[in-house]
């Protein structure tokens, strides 16, 4: 038989065209002849194919007239009454659903990983803070140990046998007498080992006193410095004199002693008030 939809020849026992998927109908390709004219071949029932309307087409190779079909034909039908467009639409919906579920699962996974990462960062920060605290404690301990070791070394290198004694009362302006005396032992230099300093209230630091001339005087404060080496006892004496002391000399004093290797040792502090 011949498929009425696509015009292809198919087996007579098929109900569905294997080429276009349409239902088939039994069709005899032999021409039809009328009983009234047995001796002459009758003209085909439809001896002429009418002109096709707009949007219709015909098959010129058909031996008989058939109903025209619309241009483009029908959508291919599949067994079970489904067509290809329906199946594609269903597949698209299924794929869209799968993609949506995958995205939701991925977002949930990212959120969980972000939360875990934030927790790890917080733990790391806490660990770093703990390490910093331990380092700070270690630095403080190390500084204390170094200071104690240095003081012990300074005590072994420099021995202060007579320290500064604070004055018991105010000093009269223009007075000439001994103010402070300090005795020390060690590998010292009579000219450079004794550094007398005065506390500066404005800057909050200690300032070395400058002594000039052969008499090593300081005219601003009315002071004089005298350093003496006792060869028999191997001791050094540093004396700070009031050499006509002025009102600017009022304040706090100390002496920093330095040995030949650079080790230093600081004396006690003493206060001067001018009456």
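The values are calculated or read from the model by the stated rules, or taken from the named source; none is laboratory data. Keep in mind that this is a model prediction, so the values were computed, not measured. Here the Cβ is made from the backbone with ideal geometry for all residues, glycine too, and neighbour counts use every protein chain on show.
For the reader, a short list of remarks on this structure follows.
- Test for residue 117: is it closer than 30 Å to residue 265 by Cβ, part of a helix (DSSP H, G or I) and under 31 Å from the mean Cα position of the chain (by Cα): no
- Residue 151 falls short on exactly one of the conditions (1) surrounded by 11 or more Cβ atoms within 10 Å (Cβ to Cβ); (2) assigned to a strand (DSSP E or B), and that condition is (2).
- Counted residues, the range 238-263 - those being touching a residue at least 60 places away in the same chain (Cβ under 8 Å) and either closer than 20 Å to residue 154 by Cα or in contact with a helix residue (DSSP H, G or I) (Cβ under 9 Å, 6 or more places away or on another chain) (or both): 10
- Near pairs, Cβ below 7 angstrom, 6+ apart or cross-chain, from the range 96-123 (at positive phi) to any residue that is at pLDDT below 90: none
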